Amino acid sequence: MNSLRELVSLVAANLILLCVEGRTAVFHVSTNGNDALSGSSWPLAKRTVASAVAAANGGDSIWVAAGRYPERITTKPDVALYGGFAGVETTVTQRNWQTNLSILDGTRGSVVLNITNAGPATRIDGMVIIGGLGPACQGRSVASRADTARVGARGHFAGAGASGTRSSRA
């Protein structure tokens, strides 16, 4: 009888732990994807970064396969955007952002990437950002304020028409 109670207690504790920890999702984006799909794997990839951002919540990651994405997006707090994937990887460390260029192209329309309310988990990593019309320099400017310090920009962050607004600091 005691072992049954211990087993039930253990299962209940694990369920509570899962609920408290929460689960983060990875959304996959590919130029040959479909926004009607879940984005939960490369075969089920979404076609646009904007669709993945819309589906994402804080703590989630968006993996963008090599290709050109003619769109303008606004990030969500604590969502990580990673480029540089070939479309077969199972971990972020397997990508090669120097070879697999993931390009956000604003087609000279306006700000390409608007970073709003960045939190500690917000990341822009391995993305090429082109074709933006920022506040200066004929579309080649980054309009970011000092409080976007928690946004990680690495790799091919070209900075054309990117914008950052406010960060939540820990």
For Leu81, distant residues with modelled amide H under 5 Å away: Ile62, Arg123, Ile124, Asp125
What length, rounded to one decimal in nm, is gained on full extension from Leu44 through to Thr93, with 0.36 nm per residue of separation minus their alpha-carbon distance? 15.6 nm
Would you mind giving the three semi-axes, in whole Å and largest first, of the ellipsoid equivalent to the range 48-138 according to its Cα gyration tensor? 20, 17, 11
Taking H as built 1.01 Å from N, whose amide H comes closer than 5 Å to the amide H of Val128, not counting residues under 5 places away? Ser102, Ile103, Leu104
Using a 1.4 angstrom probe on the protein heavy atoms only, line up Tyr69, Tyr82 by accessible area, largest first. Tyr82, Tyr69
Gained length - Ala86 relative to Thr74, 0.36 nm times residue gap less alpha-carbon distance: 1.9 nm
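First measure r as the distance between the Cβ atoms of Leu37 and Ala121, then evaluate 1/(1 + (r/R0)^6) with R0 = 30 Å and state the FRET efficiency to the nearest 0.05.
0.75
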With +1 on the Cβ of every Lys and Arg and -1 on the Cβ of every Asp and Glu, the dipole magnitude of the range 17-103 about its Cα centre, in debye rounded to the nearest 20, is 200
For Lys46, residues with placed amide H under 5 Å, excluding near neighbours: His28, Val29, Ser30, Asn34, Gly39
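How big, on average over all directions, is the shadow cast by the Cα convex hull of the range 96-135, in nm²?
Here the figure is 3.6 nm², rounded to one decimal.
The values are calculated or read from the model by the stated rules, or taken from the named source; none is laboratory data. Keep in mind that what you see is a predicted model, and the values were worked out from it rather than measured. Cβ: placed from backbone, ideal geometry, glycine included. Neighbour counts: every protein chain shown. What goes into the accessible areas is simple: the full protein's heavy atoms, side chains included, and nothing from ligands, DNA or RNA. Shrake-Rupley method; radii C 1.70, N 1.55, O 1.52, S 1.80 Å.
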